[in-house]
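Student: I'd like to ask some things about the structure below.
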Amino acid sequence: MKDKEIENLIKLEEKRQNSVINLIASENYVSKDVLRALGSVFTNKYAEGYPGARYYGGNEVVDKVENLAKTRALKLFIRQPADRKKWGVNVQPYSGSPANFAVYLALVPLGQKMMGMSLGMGGHLTHGHKVSATSKLWKWAHFGVDKKTELLDYDEIRKMARKEKPKLIVAGFTAYSRIIDFPKFRRIADEIGAIFMVDMSHFAGLVAGGVYPSPFKYADVITTTTHKTLRGPRVAIIFSKKEFSQAIDKTVFPGLQGGPHANQIAAVAVCLKEAMSPAFKNYAKQVVKNARALALSLSKRGWRIISGGTDSHLFLVDTWARGLSGKTAQELLETQKIIVNKNTIPYDTRPPFDPSGIRLGTPAVTTQGLKEKDMIKIAEKIDKILKRHANH
Ligand code: DSN
C-alpha cells in the first residue's frame, strides 16, 4: 500500500487479532475469499435498484452477483426447493439494524405496537430499546426471562401478547444462550394475528450448520446479519414470506437506502457457499461443543453461568456474584489478552456501562481450530485471572 500509516494499522490489527483469545460472541474471522470479495472492484459500482431494474448502466455483472447471493441464501436455509418458492430474499441491507428497521417500516404503521425481548434481558437495541429510533417511532412491549430459571417463560409471553396485542412479535437475542421455541412463538402470534419475525443474527451459522432449530417453518420474516456465526461480511439479509416481500424490498430501496454495496453482496455470496460445505457443519457443531465445554469448566470453578449453561455459541457469566463487575472482569481479562465484553445479566441492578456480567462466545476461537480441551485451558486461565480479584 502507498498509505503506510493505514498499512501499518492494518498490520497492527492483524497482529492484535492473532495474538488474543477472542471470546466476543458476535465476532468471527472471515476466510481469505470473503476478504478478496470485500476488497474487489465491486466497490466501485453504483447499482441502485434490483437485478434487471437498476437506475444505472453497467450492472450486468452486479446483477449476476446479487442473484447468486439470493439463490444461495435460499438454498442454504431452506432445504426443499418447493419451499424456497414461498420466500423472498433481500441481500441489500447495509447491516442488521437497518434490516430490522426496514421490516418494521414496511409492515407496522408508525405509532403501532410491537413486542420483543428487552435489551437488558438479552434482546437487541433494534428490538425497541429506549435509546433506539425503533422505540421513538413505535410503541413496544418487552418480555424478559423468568427470574428463577433465567429462561424464556412462554406463558408470560403469551399473557403479554394477549394484553398488549402487538402487530409484530420479534424473537431473537444477543445474550440469551438457550434454544428459542419457535413453534410456541408462532402459536402466540397466531392467537393475536401478529406477524412473527425472527432476528437470527447471532445464531444464523448454527441454523445453517443444523445445530440450532430453523425458524423457517414458523416465521413470517427472518432477518440476519452475516458476520457472526455465519462468518461472512458485515451486512444483513432479510427473508420474508412472499406476501411481505414487495413491501420490504420497496422499503429497503428506495425507502431507506441508496446504492447497495456490491462488494459486500459478493462477499455474502462467498460466505453462503462456504456455509453449505460439510466443513462448515462440523464448524457449527464444534462452536456449540466449545461453548458448552467453556461454560461447564467455568461453572466447575465456581463461576455462575446464567441459566446454568448454553445450547448455542454464547453464554453469560455473573461475575458480580463473586464481587467483580463486568467492566472490571473485562479489563482484567484484556490485560492477559482474553477479549470479552461486559454485559448486563437478567434483572441486573448495575448500570449497562458497568454491569454484573460478561458475555463469552466461541465462534472466533472455533474458526482458529480450538477444541474442547482448549476451552478447559481457557477456563483455567480466566479463573486464574479473575479469582485473584474476587471476594470469594
Ligand atoms: N452488537 C452486536 C452484539 O455484539 O451482539 C449485536 O448487534
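The values are calculated or read from the model by the stated rules, or taken from the named source; none is laboratory data. This structure is a prediction, so every number in the text was calculated from the model and none was measured. Every residue, glycine as well, gets a Cβ built from its backbone with ideal geometry; the counts of neighbours run over all protein chains shown. Heavy atoms of the whole protein, side chains included, go into the accessibility calculation; ligands, DNA and RNA do not. Shrake-Rupley method; radii C 1.70, N 1.55, O 1.52, S 1.80 Å.
Student: So is L76 buried (at least 19 other Cβ atoms within 10 Å of the Cβ), away from the ligand (no atom under 16 Å from the Cβ) and within 20 Å of H124 (Cα to Cα) or not?
Tutor: Here the answer is no, as L76 does not meet what is asked.
Student: Also: Kindly indicate the residue of the range 10-31 that is among the small types (G, A, S) and within 16 Å of the ligand (Cβ to nearest atom) and also least open to solvent (accessible area, probe 1.4 Å) among those meeting that condition.
Tutor: A25
Student: So, one more: Looking only at helices (runs of 4 or more DSSP H) that lie completely in the range 72-172, which have at least 2 residues being closer than 17 Å to L256 by Cβ and not hydroxyl-bearing (S, T, Y)?
Tutor: Correct list: 96-107, 133-137.
Student: Please report, ordered by residue number, the helices (runs of 4 or more DSSP H) entirely within the range 278-376 with at least 2 residues that are of a type in the set (D, E).
Tutor: 326-335
Student: Go through (1) in contact with a Pro (Cβ under 8 Å, 6 or more places away or on another chain); (2) crowded, with 23+ Cβ neighbours inside 10 Å and name the single condition F185 misses.
Tutor: Single failed check for F185: (1).
Student: I've got another one for you. Of everything in the range 53-92, what is within 22 Å of the chain's Cα centre (by Cα) and β-branched (V, I, T)? Give them in sequence order.
Tutor: Hits for the range 53-92 are T71, I78, V89, V91.
Student: When you go through (1) without any contact (Cβ under 8 Å) to a residue 40 or more places away in the chain; (2) within 17 Å of the chain's Cα centre (by Cα) one by one for H124, which number turns out not to apply?
Tutor: (1)
Student: Continuing with this model, one more query. Give the residue, chosen from A102, A37, that is among the small types (G, A, S), within 16 Å of the ligand (Cβ to nearest atom) and touching a helix residue (DSSP H, G or I) at 6+ places or on another chain (Cβ under 8 Å).
Tutor: Residue meeting the stated conditions: A102.
Student: Would you be able to say whether some residue in the range 221-228 is open to solvent by 10 Å² or more (accessible area, probe 1.4 Å), modelled with pLDDT of 95 or more and under 14 Å from the mean Cα position of the chain (by Cα)?
Tutor: Yes, that holds for at least one residue.
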